[in-house]
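Q: Sharing a structure below in structure tokens format, with a few things to ask.
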Amino acid sequence: MEPTPAGTFADQIEDRRNTKHNVHKDKEESSWFWSLWLGICDSGGLDKVGLDQLQLLSSLTEGVDATNLTAIVTGGASGIGLETARVLALRNAHVIIAARNMEIANEAKQLILKDNIDARVDVLKLDLSSIKSIRAFVDNFNALDLPLNILINNAGVMFCPYQLSEDGIEMQFATNHLGHFLLTNLLLDKMKNTVRATGIEGRIVNLSSIAHLHTYNGGIQFDKINDQIGYSDKRAYGQSKLANILHANELSRHLKEEGVNITVNSVHPGLIMTPLMRHSALLMKFLKMFTFYMWKNVPQGAATSCYVALHPSLEGVSGNYYLDCNEFQPSKFARDEMLARKLWDFSNKLVNSASKL
């Protein structure tokens, strides 16, 4: 699938969206629905990798031997994250499931071991909304004295009511973007050392969403990141997913400049009913009534993450956005290099200020 040209639905959506921000709840829901609908239509559906192939997730990485690889999957205890962890373990990678709920994480580990007795799986506690928890996770991972080849930033929250993290940051931005931003930065030296020691390319995968099309005016509300009055659970989610793409693109640029053999890409897994949608189950069921043929099951949703993380055809490929295992052009905001650099600096300052609290 070729990247979509400028002026397609994705760009038109942004142009319409930026003309006026509607503060009424019912119109906000309608605006989100149509933005998502047009974005789905503009994705062109499944192309090179069709639904029949996506249903056979294992075939996408068949023949890949990840025996010498160690991978961290955030949110690997359920949904897409669990399926991603299962497939990586099936390919013989040593998988670290990073999750908030250790009971559920250990259950996930046992599910993987039940089907693959030789799987190498460990679990570590990680709450991405907490800077303290993120630093503790990195300390605990480093104590295992393992290499790190693959980092899949999969965990997230979606459409939650307005609330601040323990560090005083809007919850969706804190969990979906800032937590992964800090986690990645803290693990980079480990990944660089692994690349130097093994000669094996490192890969970082950020899970974004087509919902990045529906964000606030300007893309990122730098001056109003914690604004409660104008808060929209849909736009806040879209903002955090836009940030995932911008983060991947800017990190990719940094690593290319350094000459480091680590690639960074972002993916849209597709429409999947997972625990992530617990704050919007009724809305999602309503949406599914009209778009049922576009929804995927969990294995299909994990396919693109596994493909970008493992497939040899993507060696050396960095700074791209993938949908259905094909490169795809994201929104204008997501392609804005100045916005990506501004977000990078803003995120560093936000982490530093929050760490002092």
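The values are calculated or read from the model by the stated rules, or taken from the named source; none is laboratory data. The shown structure was predicted, so the numbers you read here are calculated from the model rather than taken from an experiment. Note that we place each Cβ from the backbone using ideal geometry, even for glycine, and neighbour counts take in every protein chain shown. When the accessible area is computed, the model is the full protein with side chains, heavy atoms only, and any ligands, DNA or RNA have been set aside. Shrake-Rupley method; radii C 1.70, N 1.55, O 1.52, S 1.80 Å.
Q: Restricting attention to the stretch 245-254, does a residue exist that is surrounded by 24 or more Cβ atoms within 10 Å (Cβ to Cβ) and either closer than 16 Å to His214 by Cβ or at pLDDT below 95 (or both)? Walk me through it before giving the result.
A: Start the filter on the stretch 245-254 by keeping residues that are surrounded by 24 or more Cβ atoms within 10 Å (Cβ to Cβ), which leaves 245-249.
Okay, now just the ones that are also either closer than 16 Å to His214 by Cβ or at pLDDT below 95 (or both), so 245-246.
There is at least one residue in the stretch 245-254 that is surrounded by 24 or more Cβ atoms within 10 Å (Cβ to Cβ) and either closer than 16 Å to His214 by Cβ or at pLDDT below 95 (or both).
Q: Got at least one residue in the stretch 266-275 being open to solvent by less than 40 Å² (accessible area, probe 1.4 Å), modelled with pLDDT of 95 or more and closer than 17 Å to Ile210 by Cβ?
A: So far as the stretch 266-275 goes, yes, one or more of its residues are open to solvent by less than 40 Å² (accessible area, probe 1.4 Å), modelled with pLDDT of 95 or more and closer than 17 Å to Ile210 by Cβ.
Q: With Leu287, Leu339, Leu282 as the choices, which residue is modelled with pLDDT of 55 or more, open to solvent by 70 Å² or more (accessible area, probe 1.4 Å) and assigned to a helix (DSSP H, G or I)?
A: So the residue among Leu287, Leu339, Leu282 that is modelled with pLDDT of 55 or more, open to solvent by 70 Å² or more (accessible area, probe 1.4 Å) and assigned to a helix (DSSP H, G or I) is Leu282.
Q: Considering only residues of the stretch 199-228 that are closer than 21 Å to Asp167 by Cβ and of a type in the set (Val, Ile, Thr), which is surrounded by the most Cβ atoms within 10 Å (Cβ to Cβ)?
A: The extreme case among them is Ile220.
The rows are residues; the columns are (1) under 22 Å from Ile245 (Cβ atoms); (2) among the hydrophobic types (A, V, I, L, M, F, W, C).
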{"position": "Lys125", "(1), (2)": "no, no"}
{"position": "Ser129", "(1), (2)": "yes, no"}
{"position": "Lys132", "(1), (2)": "no, no"}
{"position": "Arg135", "(1), (2)": "no, no"}
{"position": "Leu144", "(1), (2)": "no, yes"}
{"position": "Leu151", "(1), (2)": "yes, yes"}
{"position": "Gly156", "(1), (2)": "yes, no"}
{"position": "Gln163", "(1), (2)": "no, no"}
{"position": "Glu166", "(1), (2)": "no, no"}
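Q: While we're looking at this one, here's another question. Can you tell which of Ser240, Ser232 is under 19 Å from Ser305 (Cα atoms) and among the small types (Gly, Ala, Ser)?
A: Of Ser240, Ser232, the one residue that is under 19 Å from Ser305 (Cα atoms) and among the small types (Gly, Ala, Ser) is Ser240.
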